[in-house]
Amino acid sequence: MQDIQIMPSILAADFGALRAGCERAAAAGADQLHVDVMDGVFVPNISFGPEAVRVAAGAVSIPLNVHLMVVNPMPYLEVFAEAGSDTMLVHVESDCDAESALREIRRWGKRAGITINPNTAAERVFALVDEGLVDEVLVMSVEPGFGGQAYMASAEPKLAALRARYAALDLSVDGGINGATVKGAAEHGANLIVAGSYLFGQEDMKASIRELRESAVESRLRKR
Ligand code: DX5
Ligand code: ZN
């Protein structure tokens, strides 16, 4: 079984103290940092660009999981690679050829991820995974754009379909994850857990990361 990993989303950090937010998450035991890049067109919000990725990369030594919510990621893959991304995730709904984007991410020596929105079927990414182009599939459990939204359990059958087909795939879930919702996501196959407002809202992030990890491990085992 794949490792369970917890990825705090720094969208929920204090933007005025971004470096400290990254350091806090790493010190609390985060496995990777999740960085949300939004262009205000693909999603109705604008967040981080490559400079924020550079700040995060300079602050911590854990990997950066960079989620590109932009209309066309192609022209930006190089700059986000150079900024210090370890994984770059594009959306299958983006205005670019997903296969070319995934190949380009690998060409920069990075892990390549593909993301699906709540209204997109899991089957949309099967061919890409079958071709061996994908290191991680991210299933959105909220409409992308904002932190702090409610978890949509409609992500779960999609996680289950992907997990049934790909036992060894890194499968991430993003949106509305907390101590309760993590269980359903992990039980249906997610092994990489993104959590923003829940983790950054905790006084003791270390204890909360440990609890999320324990719940996820237990839920994954129960399902085996
Ligand atoms: C939403 C982002 C998420 C967000 C999750 O568009 O992709 O990564 O930070 O935030 P929470 O965990 O607060 O739902
Ligand atoms: Zn995200």
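The values are calculated or read from the model by the stated rules, or taken from the named source; none is laboratory data. Everything numeric here is computed off the predicted structure, so don't read it as measured data. When we count neighbours, we look across all protein chains shown, and the Cβ atoms used for this are built from the backbone with ideal geometry, even at glycine. We work out accessible area using only protein heavy atoms, side chains counted, and drop any ligands, DNA or RNA first. Shrake-Rupley method; radii C 1.70, N 1.55, O 1.52, S 1.80 Å.
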*Extension gain GLU123-VAL217, at 0.36 nm per residue separation less the Cα-Cα distance, in nm?*
31.2 nm
*asked:* Solvent-accessible area of ASP135, probe 1.4 Å, all protein chains present, reported in Å² to the nearest ten, please.
replied: 50
_Bridge type composition, the chain - antiparallel percent by DSSP, nearest 5_ = 5
*Quick one: among VAL173, VAL41, VAL66, which has the greatest mean-square fluctuation in a GNM of the chain with alpha-carbon springs under 10 angstrom?*
VAL41
*Any chance you could look up the accessible area of PHE200 with a 1.4 Å probe, heavy atoms only, rounded to 10 Å²?*
30
*May I ask which residue of PRO144, ASN119, GLY176 lies farthest towards the positive end of the charge dipole of the chain, with charges of +1 (Lys, Arg) and -1 (Asp, Glu) on Cβ and the Cα centre as origin?*
GLY176
*Among ILE10, ASN45, ALA216 the positive-end extreme of the charge dipole of the chain (Cβ point charges)*: ALA216
*Select from ASP130, ASP39, ASP174 the residue whose mean-square fluctuation is largest in a Gaussian network model of the chain (Cα-Cα springs shorter than 10 Å).*
ASP130
*What percentage of the solvent-accessible surface of the chain, computed with a 1.4 Å probe over protein heavy atoms, is contributed by carbon and sulfur atoms?*
50
*Provide the per residue accessible area, probe 1.4 Å, for the chain, rounded to a whole number of square angstrom.*
41
*Dipole of the chain, Cα-centred, from +1 at each Lys and Arg C-beta and -1 at each Asp and Glu C-beta, to the nearest 20 debye?*
580
*With springs connecting C-alpha atoms under 10 Å apart, model the chain as a Gaussian network and identify which of ILE193, ILE46, ILE177 has the largest mean-square fluctuation.*
ILE46
*Per residue and in cubic angstrom, what volume does the convex hull of the Cα atoms of the chain have?*
103
*What accessible surface, in Å², does a 1.4 Å probe find on LEU221, ignoring ligands, DNA and RNA and rounding to the nearest 10?*
90
*Ratio Rg/Rh, restricted to region 66-118 and using Cα atoms, in which Rh is the Kirkwood radius*: 0.91
_For region 1-102, size of Cβ-based charge dipole, Lys and Arg +1, Asp and Glu -1, in debye_ = 420
